[in-house]
Amino acid sequence: MSVSMTKPWTPLTAETLALVPGSVGVFEVADESGVIAIDYAGGNSLFGLRGALGEWLAEQRGLSFRYERTNAYLSRYRELVQVFVNDSGAVPRNLVGRDVPTGHIRSN
């Protein structure tokens with residue numbers, strides 16, 4: 001099993017967002033330059049993954065996303081951020097200036 005998220009990218013539109021479950025999990029958002037956000041929808045998230053991704057749809061057009069439903073969303077979020085930082089040498093744009101999970105995990 002790969003540590004990196006391997007699901008295919010889906011265009012972020014109102015139609016595709018309607019198919020996303022309202023459950024907890026993690027997600028990545030990308031624009032034409034690559035991944036711009038790694039985040040999670042937790043127990044306090046209104047409408048779960050659908051609600052969290054809906055905020056991105058309202059903010060910017062032309063994005064793509066992928067997600068994983070998981071009850072271990074905080075652990076999985078930390079893994080994804082650590083792999084991203086290890087691979088790119090920087091944090092995703094949504095985490096610039098914020099405390100981010102530290103550690104080193106290499107992608108497979």
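The values are calculated or read from the model by the stated rules, or taken from the named source; none is laboratory data. Worth saying up front: this structure is predicted, and the values here are computed from it rather than measured. Here Cβ is always computed from backbone atoms with ideal geometry, including for glycine, and neighbour counts include all displayed protein chains. Side chains are part of the model used for accessible areas, which takes the heavy atoms of the whole protein and leaves out ligands, DNA and RNA. Shrake-Rupley method; radii C 1.70, N 1.55, O 1.52, S 1.80 Å.
The table below gives the values:
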| quantity | calculated |
| --- | --- |
| Coordinate range along principal axes, alpha carbons of the chain, Å, largest first | 36, 30, 29 |
| Total charge dipole magnitude, the chain, about the Cα centre, Cβ charges on Lys, Arg, Asp, Glu only, Debye to nearest 20 | 220 debye |
| Accessible surface, per residue, of segment 62-103 when the full set of protein chains is kept, probe 1.4 Å, Å² | 57 Å² |
| Accessible area of the chain belonging to carbon and sulfur atoms, whole % at 1.4 Å probe | 51 percent |
| Sequence of PHE84, PHE27 from largest to smallest accessible area, 1.4 Å probe | PHE84, PHE27 |
| Accessible area expressed per residue, segment 1-51, with surrounding protein chains retained (probe 1.4 Å, Å²) | 52 Å² |
| Residue-averaged [θ]222 nm for the chain, counting only DSSP H segments that reach four residues, each worth -39500 (n - 2.57) | -9000 deg cm²/dmol |
